[in-house]
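The values are calculated or read from the model by the stated rules, or taken from the named source; none is laboratory data. As the structure is a computational prediction, the values presented were derived from the model and not from experiment. No Cβ is skipped: glycine too gets one built from the backbone with ideal geometry, and neighbour counts run over all protein chains shown.
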Amino acid sequence: MNVFVFLGPAGSGKGTQAQYLKNEHMFYHLSTGDMLRDEVASKSKLGLRLKEVIDSGNLVTDDIILDIISSNISKIVNDSHYEGIVFDGFPRTIAQANGFKSILDNYKLNVDQTFLFDLSLEASLDRISGRRIDPRNNTVYHILSNPAPDDVKKHLILRDDDQPEKVSHRYKLYQEQTAPLIDYYTDSLTKINCELSIQDIYAQFDQHIKLFQQKV
Ligand code: AMP
């Protein structure tokens with residue numbers, strides 16, 4: 001079972017490339033953001049607390065995130081039909097990375113590849129301003145580069161935390177809390193330049209996946 005970690009600010013295309021690994025390479029796509037939004041949608045007590053944190057653009061506490069990972073990982077690791085798991089948006093702090101290491105140790109796994117989806121604040125703001133979500137299945141669209149089919153359009157929303165001032169705040173937190181993971185994962189790190197067109201990002205990523213597969 002291969003373990004991939006995706007690092008990168010909002011709008012860098014982590015979710016899109018994770019979908020590609022899911023559809024073309026039998027990876028399980030584990031997005032902590034999607035899991036948290038599902039909890040919010042369930043309107044549980046925890047969900048209501050999470051909504052406040054997420055909508056403000058802040059990070060959810062490390063213990064909640066590590067609990068979510070520990071309680072979901074075993075059924076995925078034990079399901080032989082997956083070739084790997086891609087962690088999209090996790091870990092986001094050094095404490096999460098340390099906790100993650102202990103969880104993976106239990107399954108004799110480690111992080112095989114870390115992909116850094118690199119993007120400036122300006123590009124992040126630009127991409128996110130056109131991003132729309134179908135909350136029924138968390139599918140992500142973009143008004144220009146990836147428009148939704150006509151029958152889906154009426155369901156689309158702009159996430160509360162995708163408002164420009166929230167995106168700037170999330171970018172700042174990314175620089176402060178998540179960027180230190182670039183050094184933490186330096187031995188397994190591959191950098192993807194996300195200032196290019198979607199097609200070029202796809203091509204770069206695909207090339208790296210093919211290289212990785214040749215090595216294993
Ligand atoms: P995302 O969908 O990955 O952009 O995540 C949306 C929001 O969920 C983030 O802005 C955080 O509030 C929260 N979140 C998602 N993943 C994490 C994580 N690993 N650690 C802390 N908060 C997270």
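Just give me the residues in the range 62-80 being loosely packed, with under 12 Cβ neighbours inside 10 Å and within 11 Å of the ligand (Cβ to nearest atom), in sequence order.
Scanning the range 62-80 gives a single hit, Asp63.
Just name the residue that is nearest to Thr178 (Cα to Cα) out of those in the range 81-106 that are free of Cβ contacts under 8 Å to residues at least 40 places away in the same chain and surrounded by fewer than 20 Cβ atoms within 10 Å (Cβ to Cβ).
The selected residue is Ala95.
Could you tell me which residue of the range 42-61 is nearest to Leu7 (Cα to Cα), considering only residues that are crowded, with 17+ Cβ neighbours inside 10 Å and β-branched (Val, Ile, Thr)?
So the residue we want is Val60.
For the range 94-113, name all the residues that are more than 20 Å from the chain's Cα centre (by Cα) and polar (S, T, N, Q).
If the condition is that a residue be more than 20 Å from the chain's Cα centre (by Cα) and polar (S, T, N, Q), then Ser102, Asn106 are the ones that fit.
For (1) away from the ligand (no atom under 15 Å from the Cβ); (2) assigned to a loop (DSSP other than H, G, I, E, B); (3) without any contact (Cβ under 8 Å) to a residue 60 or more places away in the chain, each residue gets a yes or a no:
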site: Gly11; (1), (2), (3): no, yes, no
site: Thr16; (1), (2), (3): no, no, no
site: Tyr20; (1), (2), (3): yes, no, no
site: Glu24; (1), (2), (3): yes, no, yes
site: Leu30; (1), (2), (3): no, no, no
site: Asp34; (1), (2), (3): no, no, no
site: Lys43; (1), (2), (3): yes, yes, yes
site: Leu48; (1), (2), (3): no, no, yes
site: Lys51; (1), (2), (3): no, no, yes
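Considering only residues that are within 14 Å of the ligand (Cβ to nearest atom) and part of a strand (DSSP E or B), which ones fall in the range 81-95?
Val86, Phe87, Asp88
Just to check your reading of the model, which residue among Lys154, Lys166 is over 22 Å from Val86 (Cβ atoms), surrounded by 13 or more Cβ atoms within 10 Å (Cβ to Cβ) and modelled with pLDDT of 90 or more?
Lys166
Considering the range 57-79 alone, what residues qualify as being in a loop (DSSP other than H, G, I, E, B), at pLDDT 95 or above and of a type in the set (S, T, N, Q)?
Of everything in the range 57-79, those that are in a loop (DSSP other than H, G, I, E, B), at pLDDT 95 or above and of a type in the set (S, T, N, Q) turn out to be Asn58, Thr61.
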